[in-house]
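Trainee: Take a look at the following structure, please.
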């Protein structure tokens, strides 16, 4: 299987494609134009793992952890994707961010 086939089969699996469209697209204004931004592979998987971990934490001490990525990896986008999906999943939870 070629790399392109792996990408297409992975990204276009029905559940994953619907998840990407619903939770992992944001828009940004850039010099009078609107730019659509789709989550990168590492962002998509980091957010979904963090969501799983957070849902599990709601059954325990109600504290969720941290995502650690290097400079320039899109952490701000990860926060946007994570909070957007979490608000729907946990019915409007309180979210506290530290910088």
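Trainee: Out of the range 43-65, which residues are touching a helix residue (DSSP H, G or I) at 6+ places or on another chain (Cβ under 9 Å) and over 19 Å from residue 21 (Cβ atoms)?
Mentor: Answer for the range 43-65, where residues must be touching a helix residue (DSSP H, G or I) at 6+ places or on another chain (Cβ under 9 Å) and over 19 Å from residue 21 (Cβ atoms): 50, 54, 55, 63, 64, 65.
Trainee: Any idea how many residues of the range 68-89 are modelled with pLDDT under 90 and in contact with a helix residue (DSSP H, G or I) (Cβ under 8 Å, 6 or more places away or on another chain)?
Mentor: Of the residues in that region, 3 qualify.
Trainee: Report yes if some residue within the range 37-49 is in contact with a strand residue (DSSP E or B) (Cβ under 7 Å, 6 or more places away or on another chain) and closer than 15 Å to residue 81 by Cβ; otherwise report no.
Mentor: Checked against the condition, which is being in contact with a strand residue (DSSP E or B) (Cβ under 7 Å, 6 or more places away or on another chain) and closer than 15 Å to residue 81 by Cβ, the range 37-49 yields at least one hit.
Trainee: Right, next: For residue 5, only one of the following conditions fails: (1) at pLDDT 95 or above; (2) part of a helix (DSSP H, G or I); (3) over 13 Å from residue 85 (Cβ atoms). What is its number?
Mentor: Among (1) at pLDDT 95 or above; (2) part of a helix (DSSP H, G or I); (3) over 13 Å from residue 85 (Cβ atoms), the lone unmet condition for residue 5 is (1).
The values are calculated or read from the model by the stated rules, or taken from the named source; none is laboratory data. Remember, it's a predicted structure, so these values are computed and weren't measured experimentally. Because the Cβ atoms are built from the backbone with ideal geometry, glycine has one as well, and the counts that use them run over all protein chains shown.
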